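Some notes on the structure that comes next.
The values are calculated or read from the model by the stated rules, or taken from the named source; none is laboratory data. In this text, all values refer to a predicted model and were calculated from it rather than measured experimentally. Cβ sites come from the backbone with ideal geometry, for glycine too, and all protein chains shown count toward neighbours.
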Amino acid sequence: GENVEQHPSTLSVQEGDSAVIKCTYSDSASNYFPWYKQELGKGPQLIIDIRSNVGEKKDQRIAVTLNKTAKHFSLHITETQPEDSAVYFCAASPNTNAGKSTFGDGTTLTVKP
Amino acid sequence: KAGVTQTPRYLIKTRGQQVTLSCSPISGHRSVSWYQQTPGQGLQFLFEYFSETQRNKGNFPGRFSGRQFSNSRSEMNVSTLELGDSALYLCASSLRTGSDSPLHFGNGTRLTVT
């Protein structure tokens, strides 16, 4: 089955700096790669996603890049703010089924004011 | 539009008991997935339902089961509870099954088994 590895497990940055979280996956059949943000006491919330026919996607301060050949994808957050502090999860999903997603272990991002 | 609603938010049960968790998806969403979240294992897929049919099942023992009703609401049941079943159980809904339909998660049910 699919295996998703996520790095780093913790990340601390100063407000205004950029943050990068990287994930690798093993199953070449995966073609949908969402990123989720989970705040304390809440469920994960989708913040951005990318499909295998796209190399990069941007939404304001958040961007995701995908390298299908190398089987890795990354989340980039620019101009970080304290409210960006949360746990971030990457996931990979096969062509037919986003419901059956394999998640990375999560990255705890702390943005220091 | 109301989000995914999970009830109850917290549960405390004793080993050997059984428990039923409930999930109401976003209106119009027909697919419901369940995940178990623990500090040691992260987010693990339990099962997915679409139009009252189980579409996929993760690698969990048969003590974990679920169902979906005609209004898309879903329940999951865990029988003969073990201490290791203590976790946050998350439900996610999507419009349909398929990789072009993102998941929307509820805030989960925190189950503690003593």
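What to note about this one:
- Residue in region A:86-102 that is within 12 Å of chain B (Cβ to nearest Cβ), farther than 18 Å from B:Ala92 by Cα and part of a strand (DSSP E or B) present: no
- Given (1) at the interface with chain B (Cβ under 10 Å from one of its Cβ atoms); (2) over 24 Å from B:Thr38 (Cα atoms), number of the condition A:Gln45 does not satisfy: (2)
- Residue match in region B:9-21 (condition: assigned to a loop (DSSP other than H, G, I, E, B), surrounded by fewer than 13 Cβ atoms within 10 Å (Cβ to Cβ) and among the small types (Gly, Ala, Ser)): yes
Per-residue answers, yes or no, for (1) closer than 23 Å to B:Gly16 by Cα; (2) within 13 Å of chain A (Cβ to nearest Cβ); (3) without any contact (Cβ under 8 Å) to a residue 40 or more places away in the chain; (4) part of a strand (DSSP E or B):
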site	(1), (2), (3), (4)
B:Tyr35	yes, yes, no, yes
B:Leu43	no, yes, no, yes
B:Phe47	yes, yes, yes, yes
B:Gly66	yes, yes, yes, yes
B:Asn71	no, no, yes, no
B:Glu75	yes, no, no, yes
B:Gly84	yes, no, yes, no
B:Tyr89	yes, yes, no, yes
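- Restricting region B:91-114 to residues that are closer than 14 Å to A:Tyr36 by Cβ and assigned to a loop (DSSP other than H, G, I, E, B), the residue that is modelled with the lowest pLDDT is B:Pro102.
- Given (1) surrounded by fewer than 16 Cβ atoms within 10 Å (Cβ to Cβ); (2) farther than 21 Å from B:Trp34 by Cα; (3) among the aliphatic types (A, V, I, L, M), number of the condition A:Leu40 does not satisfy: (2)
- Residues of region A:31-49 satisfying the condition of being farther than 17 Å from B:Ser94 by Cβ and either among the charged types (D, E, K, R) or assigned to a strand (DSSP E or B) (or both): A:Lys37, A:Gln38, A:Glu39, A:Lys42
- When B:Thr20, B:Thr80 are checked against the criterion of being modelled with pLDDT of 95 or more, farther than 21 Å from A:Gln45 by Cα and out of contact with any strand residue (DSSP E or B) (no Cβ under 6 Å at 6 or more places or on another chain), a single residue qualifies: B:Thr80.
- Candidate set from region A:50-67 (those that are assigned to a loop (DSSP other than H, G, I, E, B) and within 14 Å of chain B (Cβ to nearest Cβ)); member that is surrounded by the most Cβ atoms within 10 Å (Cβ to Cβ): A:Ser52
- Hey, A:Glu79 more than 14 Å from every other protein chain (Cβ to nearest Cβ), assigned to a loop (DSSP other than H, G, I, E, B), over 10 Å from the mean Cα position of the chain (by Cα) and surrounded by fewer than 21 Cβ atoms within 10 Å (Cβ to Cβ) or not: yes
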